[in-house]
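Every read-out reported here was derived from the displayed coordinates using simple, explicitly stated rules and does not represent laboratory data. Remember, it's a predicted structure, so these values are computed and weren't measured experimentally. Heads up, the Cβs are rebuilt from the backbone with ideal geometry, glycines too, and the neighbour counts pull from every protein chain shown.
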Amino acid sequence: MLSGILDDAEKRMKKTSNSTADKLASIRTGHATPSILDNITVDYYGSQTPLRQLANVAAPDNRLLVVQVYDKNSVDNVDKAIKSSDLGLNPQVEGNVLKIPIPKLSQERREEMVKYAHELTEEGKIAIRNIRRDAKADIEELEDEHEISEDDAHRALEELQEITDKYTDKISELLENKEEEILEE
């Protein structure tokens, strides 16, 4: 019973941590990384399709992304989706290949990106605390119904707090690394 509650909470916290890591990976840092295009969806024959399903994205050097579109008919839609994203990128179309120069970030833009990274990680931490709150309520309910002893409930709550601390620390570490990456020239 208790182990089920704790296991479920840990699985949910891990998913939250991974989701936060994915969101942070999509933040532009001034270096060309294919992951910055991960959240872009393209109108492909009437449905929104992730860019990764329509093209191969590579970073041949630090300042250039190359997007090789599989279907020549969708090149214009891919170009439009990248331009309309909030990344501030301007692709150059050459046949079914888009070359995207990655401009250096100004100090002001870097600070905006750091602030955005802080917002994303705070959302992740809030989600983890909400998971903890739900699991804590479940444990306390079991104790109130006398299905577990007070000592078992106390141990489970301590373990729940350790799991919570583990994942909030992991998110803090992700933020530190991303902040360092953004501020690095």
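Given springs between every Cα pair under 10 Å in a Gaussian network model of the chain, which of 87, 175, 37 has the largest fluctuation? Top of the fluctuation ranking is 87. Around the Cα centre of the chain, unit charges on the Cβ atoms of Lys, Arg, Asp and Glu (plus for the first two, minus for the last two) sum to a dipole of about 1560 debye. First check a/c for the chain, with a ≥ b ≥ c the square roots of the eigenvalues of its C-alpha gyration tensor; if it is under 1.5, answer rounded, and if not, answer prolate when a/b is larger than b/c or oblate otherwise. Because a/c hits 1.5 or more and a/b exceeds b/c, the chain counts as prolate. Cβ-to-Cβ counts within 10 Å put 70, 116 in ascending order as 70, 116, the fewest first.
The long axis of helix 150-183 is offset from the longest Cα principal axis of the chain by roughly 20 degrees. Given R0 = 45 Å, the distance between the Cβ atoms of residue 133 and residue 94 translates into a calculated FRET efficiency of 0.30.
Take every pair of alpha-carbon atoms less than 8 Å apart whose residues are at least six positions apart; their mean separation over the length of the chain yields a relative contact order of 27 percent.
In this rough spin-label picture, where each label sits 7 Å from Cα along the Cβ direction, the residue 72-residue 11 distance is 4.8 nm. Largest GNM mean-square fluctuation among 29, 41, 20, using the chain with Cα springs under 10 Å: 41. For residue 102, the residues whose modelled amide H falls within less than 5 Å of its own, excluding neighbours fewer than 5 places apart on the same chain, are 64, 65. In sequence order, region 103-109 has phi-based couplings of x, 5, 8, 6, 4, 5, 5 Hz under the Karplus curve 6.51 cos²θ - 1.76 cosθ + 1.60, θ = phi - 60°, and Gly or Pro positions carry x. Counted over region 20-68 with a bin width of 5 Å, the fraction of Cα pairs per bin, in whole percents, is 5, 22, 25, 23, 17, 6, 2. If you run the Gaussian network model on the chain, springs between alpha carbon atoms under 10 Å, then out of 129, 12, 155 the most flexible one is 155. When restricted to Cα atoms, region 34-101 yields an Rg and a Dmax of 10.7, 34 Å, respectively. For the chain, the 222 nm mean residue ellipticity estimated from helices alone, with every DSSP H stretch of n ≥ 4 adding -39500 (n - 2.57) and the total spread over all residues, rounds to -20500 deg cm²/dmol.
Amide H contacts under 5 Å for residue 55: 70, restricted to partners 5 or more places along the chain or on a different chain, H placed in the peptide plane at 1.01 Å from N. Compared with the alpha-carbon gap, the fully stretched path from residue 162 to residue 126 is longer by 11.4 nm at 0.36 nm per residue.
Put the Cα centre of region 130-185 next to the Cα centre of region 56-118 and the gap is 37 Å. When the listed pairs 115/170; 14/99; 15/178; 83/115 are checked against a 28 Å cut-off, the alpha-carbon distance exceeds it for 14/99.
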